[in-house]
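Notes follow once the structure below has been shown.
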Amino acid sequence: MRGILKNTLLLLGGMALGSLATRRAIRYAVENRYDRVKYEEPIFGTGEDAEQVLDGLKTLISTYGNATAADLYELAGIHDFKYEMTRIGWTSVDGVEIVQTDDGYIITLPQPKPITYKEEP
C-alpha cells in the first residue's frame, strides 16, 4: 500500500510539474543546451599543422555537410573531449583563417552551432 501511495504522489507531482513547463520552454531548453557547452579552440605548434586540420574540416564538410567540434579535436590529436562536442560544429568554413598568436597558431572558426542529424529512411 505504501508503494502505491508513493508512486501515486510521484505521478501527480510529475504531472503538476509538467503542467508548469510549456512545450516551448522545454524545446528551448533542449535546443539551447549545446550553447552552454564550453568549446575551446585548439592551439597548434605550426601553421602547417593548423592547415592540415582545416583541410580535414573542409573535407568532412564537403563529404557529410558538417564537421563537429569532436572532429576538430580528433584531427588535432585531442582525444579527450565531452560527448556534447559530437553535437556541435560547423556547416561551412568559408572565411576561416589561420592566425599566429603568442601561444601558437589557431583556426579562426566561429562559435560552433548545434548540429541536427537527419534520420535515414
- Item | Ranked packing of 82-88, 95-101, most packed first, by mean Cβ within 10 Å | 82-88, 95-101
- Task: Quote the FRET efficiency, to the nearest 0.05, computed for T46 versus Y83 with a Förster distance R0 of 30 Å and r equal to the Cβ-Cβ distance.
- Result: 0.50
- Message: Quick check: pseudo-label points 7 Å beyond the Cα along Cα→Cβ at K38 and T101, how many nm apart are they?
- Response: 1.5 nm
- Task: Could you work out the relative contact order of the range 41-121, using alpha carbon pairs under 8 angstrom and six or more residues apart, expressed as a whole percent?
- Result: 36 percent
- Note on the structure: Expected sort for Y73, Y39 with the fewest Cβ neighbours (10 Å cutoff) up front is Y39, Y73
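No lab work stands behind these numbers, since they all come straight from the coordinates. Bear in mind the structure is a predicted one, so any value in this text is a computation, not a measurement. FYI the Cβ positions are ideal-geometry reconstructions off the backbone, even for glycines, and counts take in every protein chain you see.
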